[in-house]
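For reference, the structure is listed below as structure tokens.
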Amino acid sequence: MAKWGEGDPRWIVEERPDAKNVNNWHWIEKDASDWSKEKFKKILIELKSRLTLPEKTEVSSVKGEVFERSGWIVEERPDAKNVNNWHWIEKDASDWSKEKFKKILIGAEIKTDLAHCKITEVSRCEGDTFVSNRRAKLIIFYEWTIELKWVGCLINNNTEIEGMLEILNFSEENNIKNVEINVHVETVGYESAILKNEIKRAVIEVIGKQLNEYVAALKEFSKELILPTKDNLQHSELNQLMTIKKIKELEQISTNSNEKQNVETSEIKAIEVFKCTASEFYQAMTVKELVEAFTQGNCVLEPVEGGKFELFDGNVQGYFTKLLPHKIIKQKWRFRTWPEDHFSEVHIDINQKTDCSEIYFSQTGIPKSEIESTRQGWKRFYWNSLRRAFSFGAPLF
């Protein structure tokens, strides 16, 4: 009796004199890894001959499904981390957030004309905070439910009443003013009811301020994910070494020229309010890409003490004399049509408020004939342009 399948060329039960797979019926496999590596090299060498590529472009190694070329992740880094912040990295900031909530919420006081309340404990803190960086862009996600214990009393009564605050739907998707805060008291009675109503009336403003502080701190905490490249680190170190020498040289030029010309000068002062954090305003004034965005043109900007700047096609020129991140910017500042080498002094104080930043601005040493045009220039080309470019006139949260 014949075997089942015997005589059928598709089945392996029959020995074949040529030992080959008839009609490609059976599974066969071949390792093409070595061939692939050689093919990759050949393709890239041909591509290089046809295109204008950096001189260093070459195939340095081929591993698995990934080949490496100069200009990508093979750049030498002093910290061996994400090159040019191109790749996705993520950090869990949940534990940091829990500690931050305790720091900013415990001890917070809610006061009205009739009552006083103090947060004593963070009894529950459930949620997550993640910060990510992709292509040098920060992405922040957080969502929390928080319970706080409090103790309080009416102004004319020293009897202490205890209770709990429940903070719901606190996340990056919700405006702080829309966060739901429930007030609970542990006892029932006339005084408890009055105290509860007083706390409900004032709690959003107080707790909202503390939550705003958390958001601002989270943004600062997240910035460590954006790392400087090797070239930026070297440039920064070089600038620091040259700072003192540059400031002295530039100030000497400015002093000598002003003494020679005896220009009659005056000053302007202003207080401007921007709906942004102090950090965001400082960056808008010191990061080249952001300055080019609100001035709508190319610029020269060296944001170090002694570093030069040229804005608005070179019409505004000067150098930085003091930079205190997120707080102070001082400049020697001149307009191109002013007397040669005559500089004014610009002083910008940045003050972080609950829902905005107040900017105290002063400029001394302005030629008297240029006072009004300078005042209008700052208003139109700095302050209004900043608000328009970055929505600094819109609500912060």
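Neighbours of residue 264, meaning other residues whose beta-carbon lies under 13 angstrom from its beta-carbon, give a summed charge of -1 when Lys and Arg score +1 and Asp and Glu score -1. Within the range 321-397, the GluC sites (Glu not before Pro) that combine a DSSP coil assignment with at most 15 other C-beta atoms in a 10 angstrom radius are 340. Dipole magnitude for the range 289-330: about 300 debye, using +1 per Lys or Arg Cβ and -1 per Asp or Glu Cβ, origin at the Cα centre. Summing charges over all other residues whose Cβ lies under 15 Å from the Cβ of residue 113, with Lys and Arg as +1 and Asp and Glu as -1, gives 0. Taking the Cα centre of the range 289-361 as origin and assigning +1 to Lys and Arg Cβ atoms and -1 to Asp and Glu Cβ atoms, the resulting dipole is close to 200 debye.
For every other residue with a beta carbon closer than 12 angstrom to the beta carbon of residue 283, add +1 if it is Lys or Arg and -1 if Asp or Glu, then tell me the sum.
Here the charged neighbours net out to 0.
Each distinct pair of alpha carbons in the range 257-397 adds a 1/r term; the inverse of their mean, the Kirkwood radius, is 15.4 Å. Pairs over the 23 Å Cα-Cα cut-off, from the set 223/275; 91/327; 100/177; 98/275; 100/330; 219/332: 91/327; 98/275; 100/330; 219/332.
Values in this text are rule-based calculations from the coordinates and carry no lab data. Computed from a predicted model, the values in this text were never measured in an experiment. All Cβ positions, glycine included, derive from the backbone under ideal geometry; neighbour counts span all protein chains shown.
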